[in-house]
Each structure stands twice: as C-alpha cells, then as structure tokens.
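Asks: One structure coming up, written as structure tokens, with questions to follow.
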Amino acid sequence: MFKDMRLTSITILLVFLAEPLLAQGDSYFIRKDLSFFEAVESVAFNFTNRSNKEEQELKFDQLKSSVKSNESFAGSPYFQGDWYDGQFNLSGGKVMKGHMALDVNKNVLYVIESSSMKILTLKPHLIEINGHRLERLNHQYKEAGDYYFEPIYSNKKIQIYKRHHKQFTDLKETKLSAYQVNRNIRFDSEYTDDNEFFVASKNKLTYISSRKKFYQIIGKKARNYIEQNNLDLNLEADILDLAYSSEKW
C-alpha cells in the first residue's frame, strides 16, 4: 500500500513537472506516440540538456566580461559587435573551431577554449567568422602591417580589401544629447565604425583614399566616372560600383 502511495506521489510530481514543459512547444515538445514514462524521461533529458547549455552560456558570459573594459561604452571594438562561432587557421595550417570575438582595434582574436574554460588571445593568419573571411596580409604586402583585411572584390588585375576598424571616442567630457538626457543614458565612451579600403595590385597595397594613386591603378576613366556619379571613396557601395563598372572599360 505504501509502495503504491509513493509511486502515485512520484507520478503526480512528474506530471506536475512535465506539464509546463510539454506545453512550451520548443525543444521540450514530446511526441504523442510516447508512453507517459517515456515522455517524462524525454522531458528530464531535455531539461538537463538545457540546464547544461545555460550553465555553459553563463560561464561564457563571465569569461567574455573578463576581456571587457570596466568603463561603460556604447558599441563594441569587436568585429560585427559580438562573439560568434567560427574557425581559424593556425600557422601550421591546422583549422580550429570555437566561440570567438575579433577585436579589430587590437587585432587579436579572443577564443573560448571549452575544455579549460579559458580565453585564449591569438593572432591567427586566417579567420572565418559570422560568414566573413579575414586574413593578415603582411606576408604579401609590406604596407599591410599587423591588421586583418576582408576581401570584397577581385578580378585579374586588382583585389579590393576592407580593413575593419572602430573609432573610439571618450564621452566623459562630451555634452549629453537631448536623447541621452531624456532617457538617462550615460556612457563613458563609444565605438563607431571607421573602416578603410585598400586596393592590391602588382604586389602593392594602396589606400583607396589616396585618389591619385588609386586612379593610376584602376584606370584613367575612374576619375570621370567618380565625378559623374558623385561617388564617395569612403563608402563600400560606391567603391564596388566603381570596381564593377571599370570591368567594362
């Protein structure tokens, strides 16, 4: 009798625990063809998986905060503003995967090493992150320095690269805008996009805003096309417009 009562109590408890999870409609959805105890077992398994995942995410967040500045700031020095899953190539050619953030101002890659739960600070040759490919070009072009470049255009004669960079502004002495005052927003500093573009040709990397040199590389008709179409060589869309149009010349 007592055994039956204990079993009934356990059953009621399991139903109580399982019911809200079964109703969520996400990864805790249970197939109707499962028996009750199979369903409860499945819920328990998924709940454990979610707990482990949330625990890992919490640890990740704690690690991420360890490489942040103590100051409050708007924006981020990271490529595309956040951490992403990606991969990178070691010097020997081995490909490694991980959860990572590329600091485009320091030109370093932060990678969470999952087994030790530590952050590694690396400078790999090649990085693939959030669908983008970035590489160091100092082995090809002496003008490349220690930066990472993203290829955005290529033909037989030239390649165009984007160097991601963030402009850092100290706001401590800056007058607050009406928007900030009304919403009680206050940051010590902010990061905003300040990207630069380069053209590679004949083993040389040239800053595109150096217009005279750029005209010499891309052709004499470039200057007229830029003026006629009011292109801004600081904008990626305008640079690509010029590059694709030059293929017809």
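Asks: Return the residues of segment 77-124 that are in contact with an Asp or Glu (Cβ under 7 Å, 6 or more places away or on another chain) and touching a residue at least 60 places away in the same chain (Cβ under 8 Å); say none if nothing qualifies.
Replies: Once the filter is applied, which keeps residues that are in contact with an Asp or Glu (Cβ under 7 Å, 6 or more places away or on another chain) and touching a residue at least 60 places away in the same chain (Cβ under 8 Å), segment 77-124 yields only Pro77.
Asks: Could you list, in sequence order, the residues of segment 205-220 that are of a type in the set (A, V, I, L, M) and closer than 14 Å to Lys157 by Cα?
Replies: At the first step, the residues of segment 205-220 found to be of a type in the set (A, V, I, L, M) are 205, 208, 217-218.
Answer for segment 205-220, where residues must be of a type in the set (A, V, I, L, M) and closer than 14 Å to Lys157 by Cα: Leu205, Ile217, Ile218.
Asks: Give the number of residues within segment 234-249 that are modelled with pLDDT of 90 or more and either in a helix (DSSP H, G or I) or surrounded by 14 or more Cβ atoms within 10 Å (Cβ to Cβ) (or both).
Replies: The qualifying residues number 10.
Asks: Can you tell me which residue among Asn155, Asn182 is farther than 22 Å from Leu102 by Cβ and modelled with pLDDT of 90 or more? First the steps, then the outcome.
Replies: Working: Asn182 fails: modelled with pLDDT of 90 or more.
Result of the check over Asn155, Asn182: Asn155.
Asks: Let me ask you something else. If you go through segment 222-232 one residue at a time, do you hit one that is surrounded by fewer than 16 Cβ atoms within 10 Å (Cβ to Cβ), of a type in the set (Lys, Arg) and not assigned by TED's automatic domain parsing to the domain that holds His139? If you could, list the steps in order and put the result at the bottom.
Replies: First pass over segment 222-232, keeping only residues surrounded by fewer than 16 Cβ atoms within 10 Å (Cβ to Cβ): 223-224, 227-230, 232.
Remaining after also requiring of a type in the set (Lys, Arg): 223.
Still in the list and also not assigned by TED's automatic domain parsing to the domain that holds His139: 223.
For segment 222-232, residues surrounded by fewer than 16 Cβ atoms within 10 Å (Cβ to Cβ), of a type in the set (Lys, Arg) and not assigned by TED's automatic domain parsing to the domain that holds His139: present.
The values are calculated or read from the model by the stated rules, or taken from the named source; none is laboratory data. Just so you know, these numbers come straight off a predicted model, no measurement behind them. Backbone-built Cβ (ideal geometry, glycine too); neighbour counts: all protein chains shown.
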